[in-house]
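Peer 1: Can you keep this structure in mind? I'll have questions shortly.
The values are calculated or read from the model by the stated rules, or taken from the named source; none is laboratory data. Since the structure is predicted, the reported quantities are computational estimates derived from the model, not experimental observations. FYI the Cβ positions are ideal-geometry reconstructions off the backbone, even for glycines, and counts take in every protein chain you see.
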Amino acid sequence: MEDRRIRILIAKPGMDGHDRGAKVVARALRDAGMEVVYTGLRQTAEMIVNAALQEDVDAIGLSVLSGAHLHYFREVMELLREKGAQDIIVFGGGIIPDQDLPVLAELGVGRVFTPGASTEDAATYLREAVAQRWQTQAGA
């Protein structure tokens with residue numbers, strides 16, 4: 001992997017006001033050596049994608065507890081495509097039923113971490129996925 005640091009944006013889309021999990025993940029990724037931008041609560045898909053582009057992140061992590069995960073992930077993925085930034089990795093976490101995981105994968109969501117997942121698993125996933133992204137970019 002290159003010497004540059006992995007840049008991650010963690011976002012809380014929608015009206016969900018609980019961000020303890022998002023903050024735990026953000027801190028764990030920071031402690032794992034990544035640069036992390038946390039956008040705060042009540043973000044729209046447009047705000048999330050614009051912040052990701054402005055911050056030049058490698059990945060976007062969405063934390064959704066409200067049950068509106070399909071809506072928000074779909075919106076973010078569509079906006080990334082529209083802005084030509086579909087190479088940004090999108091991952092997520094929260095209360096997401098198992099039956100929705102294949103739908104999210106079809107949308108292009110890289111990985112979803114549900115309750116009980118370890119932050120170490122998230123950091124490992126991101127290191128591998130971002131290394132692959134950088135390799136693809138270097139070959140382009």
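Peer 1: Can you tell me which residues in region 108-133 are surrounded by 15 or more Cβ atoms within 10 Å (Cβ to Cβ) and hydrophobic (A, V, I, L, M, F, W, C)?
Peer 2: Those that are surrounded by 15 or more Cβ atoms within 10 Å (Cβ to Cβ) and hydrophobic (A, V, I, L, M, F, W, C): 109, 112, 113, 122, 123, 126, 129, 130.
Peer 1: I would also like to ask the following. With the structure loaded, tell me whether residue 89 is surrounded by 20 or more Cβ atoms within 10 Å (Cβ to Cβ) and among the hydrophobic types (A, V, I, L, M, F, W, C) or whether it fails that test. Working first, answer last.
Peer 2: Values: surrounded by 20 or more Cβ atoms within 10 Å (Cβ to Cβ): yes; among the hydrophobic types (A, V, I, L, M, F, W, C): yes.
When the stated conditions are applied, residue 89 passes them.
Peer 1: Tell me the residue from 28, 52, 45 that is of a type in the set (A, V, I, L, M, F, W, C) and either touching a residue at least 60 places away in the same chain (Cβ under 8 Å) or within 22 Å of residue 120 (Cα to Cα) (or both), please.
Peer 2: 28
Peer 1: Can you report the number of residues in region 121-133 which are over 18 Å from residue 35 (Cβ atoms) and touching a residue at least 40 places away in the same chain (Cβ under 8 Å)?
Peer 2: 0
Peer 1: Going by the conditions given, is residue 40 within 14 Å of the chain's Cα centre (by Cα), over 16 Å from residue 111 (Cβ atoms) and of a type in the set (Gly, Ala, Ser)?
Peer 2: Numbers: within 14 Å of the chain's Cα centre (by Cα): yes; over 16 Å from residue 111 (Cβ atoms): yes; of a type in the set (Gly, Ala, Ser): yes.
Criteria met by residue 40.
Peer 1: Continuing with the same structure: Only one residue in 29, 53 is within 12 Å of the chain's Cα centre (by Cα), within 26 Å of residue 137 (Cβ to Cβ), surrounded by 15 or more Cβ atoms within 10 Å (Cβ to Cβ) and at pLDDT 95 or above. Which one?
Peer 2: Of the residues listed, the single one that is within 12 Å of the chain's Cα centre (by Cα), within 26 Å of residue 137 (Cβ to Cβ), surrounded by 15 or more Cβ atoms within 10 Å (Cβ to Cβ) and at pLDDT 95 or above is 29.
Peer 1: Out of 85, 138, 129, which single residue is in contact with a Gly (Cβ under 7 Å, 6 or more places away or on another chain) and farther than 24 Å from residue 16 by Cα?
Peer 2: 129
Peer 1: Quickly run through region 50-101 and pick out the residues that are hydroxyl-bearing (Ser, Thr, Tyr), in contact with a helix residue (DSSP H, G or I) (Cβ under 8 Å, 6 or more places away or on another chain) and within 20 Å of residue 24 (Cα to Cα).
Peer 2: The one that is hydroxyl-bearing (Ser, Thr, Tyr), in contact with a helix residue (DSSP H, G or I) (Cβ under 8 Å, 6 or more places away or on another chain) and within 20 Å of residue 24 (Cα to Cα): 63.
Peer 1: Hey, another quick one. For residues that are hydrophobic (A, V, I, L, M, F, W, C) and out of contact with any strand residue (DSSP E or B) (no Cβ under 9 Å at 6 or more places or on another chain), scanning just region 100-124, find the one that is nearest to residue 20 (Cα to Cα). Give the steps one after another, and end with the answer.
Peer 2: Residues of region 100-124 that are hydrophobic (A, V, I, L, M, F, W, C), as a first pass: 101, 103-105, 107, 109, 112-113, 117, 122-123.
Imposing the further condition that a residue be out of contact with any strand residue (DSSP E or B) (no Cβ under 9 Å at 6 or more places or on another chain) reduces the set to 103, 123.
Details: 103: 26, 123: 18 Å.
Filtering first and then ranking leaves 123.
Peer 1: Grab the strands (runs of 3 or more DSSP E) fully contained in region 1-118, keeping just those with 2 or more residues being within 14 Å of residue 130 (Cβ to Cβ) and of a type in the set (A, V, I, L, M).
Peer 2: 7-11, 59-64, 89-94
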